[in-house]
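Take a look at the structure below.
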Amino acid sequence: MKKNNEMNEMVCPHCRKKTSRGASECHGCHATIQYGPPSWAFPVLALESTIAGLMASKFSHEVSFFIPWLIAMGAFAAGCVFLEKIFYDRVQFKLGRRG
Ligand SMILES: [Zn+2]
């Protein structure tokens, strides 16, 4: 098995310095490094899950009132897994002046 160091190294788009994956800050320019789904993804997902639950409540309220909630929670859980997967390789360098 070949050891792949490139997988664990990222190049900062701002200062072109190499930073190891997992670091929270660039050593060169101190840009904040963010991994995974963007912060807006979860509120959007929560909204969509609520809509899914509301839609489900139109059809299932005769059956049981908690089924829409189960659908909403299921949609949210599935969405979280989905977001983690599609944004797994997403790394963002945020350059902001601090201090
Ligand atoms: Zn940098």
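Each reported figure results from applying straightforward, stated rules to the coordinates on display, with no laboratory input. The structure displayed is predicted, hence computed values, not measured ones. All Cβ positions, glycine included, derive from the backbone under ideal geometry; neighbour counts span all protein chains shown.
Using the crude model of +1 on Lys and Arg Cβ and -1 on Asp and Glu Cβ, and no other charge, please compute the dipole size for the chain relative to its Cα centre, in debye to 20.
640
Rounded to the nearest 500 deg cm²/dmol, what is the calculated helix-only ellipticity per residue at 222 nm for the chain, with -39500 (n - 2.57) per DSSP H run of length n ≥ 4?
Taken over the chain, the calculation gives -14000 deg cm²/dmol.
With axes computed from alpha carbons, what is the tilt in degrees of helix 67-86 against the longest principal axis of the chain, rounded to the nearest 10 within 0 to 90?
Here the helix axis deviates by roughly 20 degrees.
Just flag the chymotrypsin sites (Phe, Trp or Tyr not before Pro) in the range 18-99 sitting in loop per DSSP whose Cβ has no more than 12 other Cβ atoms within 10 Å.
Trp40, Phe65, Phe66, Tyr88
Once Rh for the range 6-94 is found with the Kirkwood sum over Cα pairs, what is the Stokes-Einstein diffusion coefficient at 25 °C and 0.890 mPa s, in µm²/s?
Taking Rh from Cα pairs, D becomes 161 µm²/s.
Could you tell me which trypsin sites (Lys or Arg not before Pro) in the range 29-99 are loop residues by DSSP with no more than 13 other beta carbons within 10 angstrom of their beta carbon?
Qualifying residues, ordered by number: Arg90, Arg97, Arg98.
Between Tyr88, Leu70, Cys12, whose Cα lies farthest towards the positive end of the dipole of the range 6-94 when Lys and Arg beta carbons carry +1 and Asp and Glu beta carbons carry -1, centred on the Cα centre?
Cys12
Of the lysine pairs in the chain, how many meet both conditions: Cα atoms under 29 Å apart, and a spacing of 8 or more in sequence or different chains?
Within the chain, the lysine pair count is 11.
Short version: ³J(HN,Hα) in whole Hz for each residue of the range 42-54, in order, from phi by Karplus 6.51 cos²θ - 1.76 cosθ + 1.60 (θ = phi - 60°), x for Gly and Pro, what are they?
For the range 42-54, the Karplus-derived couplings read 6, x, 4, 5, 4, 5, 5, 5, 5, 4, 4, x, 5 Hz, x marking Gly and Pro.
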